[in-house]
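S.K.: Can you keep this structure in mind? I'll have questions shortly.
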Amino acid sequence: MSQRQIIQVFEEYQKSRMQFVQTVADLASRPQNTEILRNAGVMSMLRPLMLDVVPTIQQTAALALGRLADHSDDLAEALVREDILPQLVQSLASKNRFYKKAAAFVLRAVAKHSPGLAQAVVDCNGADALVLCLEEFDPGVKEAAAWALGFIARHNATLAQAVVDAGAVPLLVLSLTEPEVALKRIAASTLSDISKHSPELAQTVVDTGAIAHLAQMILSPDAKLKRQVFSALSQISKHSVSLAELVVEAEIFPGALASLRDPDEYVKKNVTVLMREVVKHTPELAQVIVNCGGLSGVVDHLGVSTGSQRLPGIMTLGYVAAHSESLAMAVILSKGVSQLSLCLSEEAEQHIKAATVWSIGQIGQHTPEHARAVAAANLLPRLLQLYMEASSSEDLQAKSKKALKSILQKCTDLQSLESLLHEAPSNILKYVVCQFSKVLPHDSKARRLFVTSGGLKKVQEIEAEPGSALQEYINTINNCFPEEIVRYYTPGYSQALLERVEKYQPA
């Protein structure tokens, strides 16, 4: 056999290997093929090809493995069982940039499925190897590494700490300064995934100067970058007053409010999430948002959004209102009550209704004036309905009851209260009757209306246990009227009168 013929054998072998991995990589890109490939033993066939002498074959084999692992946690676990991860991690330090991107993709595809699989990546020094990739010159390698680190960190605090311990945070913050927008996005996303778990992890991110770099990007024209920037700032802000204050001190407001009008739904939602995480801590932080026009921005956002996009805005209004009478009044003046009423009527999801009810309760709980604003929007009967409906979730019922109780204890708008007299169960009714017992002794016009509207008659029909608080309230109300009027509306009195008529003998 000639030299040419021998070389041709090797060339055909190489060509066959290349054709195999390329075909498998193409097949692996479609989820419906994964089970067939797995049953054919594709994992064990790809493993030796990752050590192939031809770099292109190595990279394509890694790409195929990554696609398989990406589609299915079973295949990701099979990849771990085949002991492929150590081989991948070891080769990350020495291979070319194309292979590094493919290998980082495999690690990301494995880590994303569960904390256990992410831990397997960490256990074979995957986090350390990925951090080394963040020091590479090629932005594509950095991006792939940052993405994989984010998928490790997002599961829990232990895994996020492993990413921190590997030295990722300073390099991720440095990546925020790179010109490539895609790299900025992934770096911000990974910093968000690290920050979300605990105040300590968020503080680690802050200590590297991340806030200043993130703050510079809130007006970026790139919507996907802004999503991640606002998400990272939210995750930092949520843990403590001091962290939220650091975010506010970076002067992101009122600039961030411009993004409430962004065409991208997730940018708008993430801005409202950030506002929610800031305002919840203290009246002072809530006042910062109010002073820069944040409430009207949130109310406008609620008017043009639906479903889960509304939720953080709804809760922002509630958190602001919870702090003080003046902040709750600011929500009212921003037309927050009417907007929450609209949300309550439009939304079908129980958890969104529950959040809306909670916010309404925070607004109406302070003074008679606050309660009147809620009552004027005809929300008291709606809250009662949600509390009594069998289809309402346990949480929605509990929040509706609590909101009703807190608002009723401040409400002096008797016209709004009267509608509840005829519908409310006894555990709610006592709060309604209590308010009448407070107002009627001091308001003669209200006493007249109470008689003519049928309110006094309804009170006489209430069955209260002797000596109970409800009975005391009823007695106080009855004492506001002449005895014969009270007796006239007492159940059975008209029948007694008729009997007297029948028995009456004219002179």
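The values are calculated or read from the model by the stated rules, or taken from the named source; none is laboratory data. What you are looking at is a predicted structure, and each value in this text was computed from that prediction instead of being measured. Quick reminder, even Gly has a Cβ in these numbers, built from the backbone with ideal geometry, and neighbours come from all protein chains shown.
S.K.: Can you spot a residue in segment 82-104 that is charged (D, E, K, R), more than 18 Å from ALA145 (Cβ to Cβ) and in a helix (DSSP H, G or I)?
M.R.: Restricting attention to segment 82-104, the residues satisfying the condition of being charged (D, E, K, R) are 82-83, 95, 97, 100-101.
Among the residues that remain, those that are also more than 18 Å from ALA145 (Cβ to Cβ) are: 82-83.
Imposing the further condition that a residue be in a helix (DSSP H, G or I) reduces the set to none.
Within segment 82-104, not a single residue is charged (D, E, K, R), more than 18 Å from ALA145 (Cβ to Cβ) and in a helix (DSSP H, G or I).
S.K.: Report, by residue number, each residue of segment 1-43 that is touching a residue at least 40 places away in the same chain (Cβ under 8 Å) and over 23 Å from GLU77 (Cα atoms). Before the answer, list the steps.
M.R.: Just the residues of segment 1-43 that are touching a residue at least 40 places away in the same chain (Cβ under 8 Å), to begin with: 14, 17-18, 21, 24-25, 28, 31, 34, 38, 43.
Matches in segment 1-43: GLN14, ARG17, MET18.
S.K.: Output the residues belonging to segment 470-484 that are surrounded by 14 or more Cβ atoms within 10 Å (Cβ to Cβ) and out of contact with any Pro (no Cβ under 9 Å at 6 or more places or on another chain). Working first, answer last.
M.R.: First, pick out the residues of segment 470-484 that are surrounded by 14 or more Cβ atoms within 10 Å (Cβ to Cβ): 470-474, 476-478, 480-481.
Matches in segment 470-484: LEU470, GLN471, GLU472, TYR473, ILE474, ASN478, PHE481.
S.K.: Could you list, in sequence order, the residues of segment 345-377 that are in a helix (DSSP H, G or I) and within 18 Å of the chain's Cα centre (by Cα)? Write out each step before concluding.
M.R.: Restricting attention to segment 345-377, the residues satisfying the condition of being in a helix (DSSP H, G or I) are 345-346, 350-364, 368-376.
Correct list: GLN350, HIS351, ILE352, LYS353, ALA354, ALA355, THR356, VAL357, TRP358, SER359.
S.K.: Within segment 177-189, can you find the residues that are buried (at least 22 other Cβ atoms within 10 Å of the Cβ) and over 17 Å from ALA104 (Cβ atoms)?
M.R.: Residues satisfying the conditions are LYS184, ALA188.
S.K.: Cβ-Cβ under 6 Å, sequence separation 6+ or interchain: first residue in segment 46-59 and under 16 Å from THR23 (Cβ atoms), partner crowded, with 17+ Cβ neighbours inside 10 Å and among the small types (Gly, Ala, Ser). Which pairs?
M.R.: So the pair list comes out as LEU46/ALA61; LEU46/ALA64; LEU49/ALA61; GLN59/ALA102.
S.K.: Right, here's the next one. Spot the failing condition for LYS430; the list is (1) of a type outside the set (A, V, I, L, M); (2) surrounded by 15 or more Cβ atoms within 10 Å (Cβ to Cβ); (3) assigned to a helix (DSSP H, G or I); (4) within 35 Å of the chain's Cα centre (by Cα), and only one is missed.
M.R.: (4)
S.K.: May I pose another question? Does TYR266 satisfy being under 20 Å from the mean Cα position of the chain (by Cα), of a type outside the set (A, V, I, L, M, F, W, C) and at pLDDT 95 or above? Give the derivation first.
M.R.: Numbers: under 20 Å from the mean Cα position of the chain (by Cα): yes; of a type outside the set (A, V, I, L, M, F, W, C): yes; at pLDDT 95 or above: no.
So TYR266 does not fit the description; no.
S.K.: Pairs only if they're at least six apart or on different chains, beta carbon under 6 angstrom, first in segment 178-206 and farther than 22 Å from SER242 by Cα, second part of a loop (DSSP other than H, G, I, E, B); list them, first residue then second.
M.R.: VAL181/ASP222; LYS184/LEU176; ALA187/LEU176
S.K.: Still on this structure, please answer the following. Could you please find all residues in segment 36-56 being more than 45 Å from the chain's Cα centre (by Cα) and of a type in the set (D, E, K, R)?
M.R.: ASP52 - this is the single residue of segment 36-56 that is more than 45 Å from the chain's Cα centre (by Cα) and of a type in the set (D, E, K, R).
S.K.: Return the pair list, or none, for Cβ contacts closer than 6 Å from residues in segment 259-273 that are more than 17 Å from LEU295 (Cβ to Cβ) to residues that are charged (D, E, K, R), at least 6 apart or on different chains.
M.R.: Here the result reads ASP262/LYS268; TYR266/ARG227; VAL267/LYS226; VAL267/ARG227; ASN270/ARG227, each pair linking segment 259-273 to a residue that is charged (D, E, K, R).
S.K.: Would you please name the residue that is farthest from TYR431 (Cα to Cα), looking only at residues in segment 387-413 that are crowded, with 24+ Cβ neighbours inside 10 Å and modelled with pLDDT of 90 or more?
M.R.: Residue satisfying both the conditions and the ranking: LYS399.
S.K.: Can SER242 be described as crowded, with 19+ Cβ neighbours inside 10 Å and either assigned by TED's automatic domain parsing to the domain that holds SER324 or not hydrophobic (A, V, I, L, M, F, W, C) (or both)?
M.R.: Working: crowded, with 19+ Cβ neighbours inside 10 Å: no; either assigned by TED's automatic domain parsing to the domain that holds SER324 or not hydrophobic (A, V, I, L, M, F, W, C) (or both): yes.
No, not satisfied.
S.K.: Additional query: For residues that are part of a loop (DSSP other than H, G, I, E, B), in contact (Cβ under 8 Å) with a residue 40 or more places away in the chain and more than 18 Å from SER341 (Cβ to Cβ), tally how many sit in segment 378-408. Walk me through it before giving the result.
M.R.: To start, the set of residues in segment 378-408 that are part of a loop (DSSP other than H, G, I, E, B) comprises 378, 389-393.
Okay, now just the ones that are also in contact (Cβ under 8 Å) with a residue 40 or more places away in the chain, so 392-393.
Remaining after also requiring more than 18 Å from SER341 (Cβ to Cβ): 393.
Residues in segment 378-408 being part of a loop (DSSP other than H, G, I, E, B), in contact (Cβ under 8 Å) with a residue 40 or more places away in the chain and more than 18 Å from SER341 (Cβ to Cβ): 1 in total.
S.K.: Restricting to segment 253-263, name every residue that is in a loop (DSSP other than H, G, I, E, B) and either farther than 25 Å from GLN203 by Cα or modelled with pLDDT of 90 or more (or both). Walk me through it before giving the result.
M.R.: To start, the set of residues in segment 253-263 that are in a loop (DSSP other than H, G, I, E, B) comprises 253-254, 262-263.
Listed by number, the residues that qualify are ASP262, PRO263.
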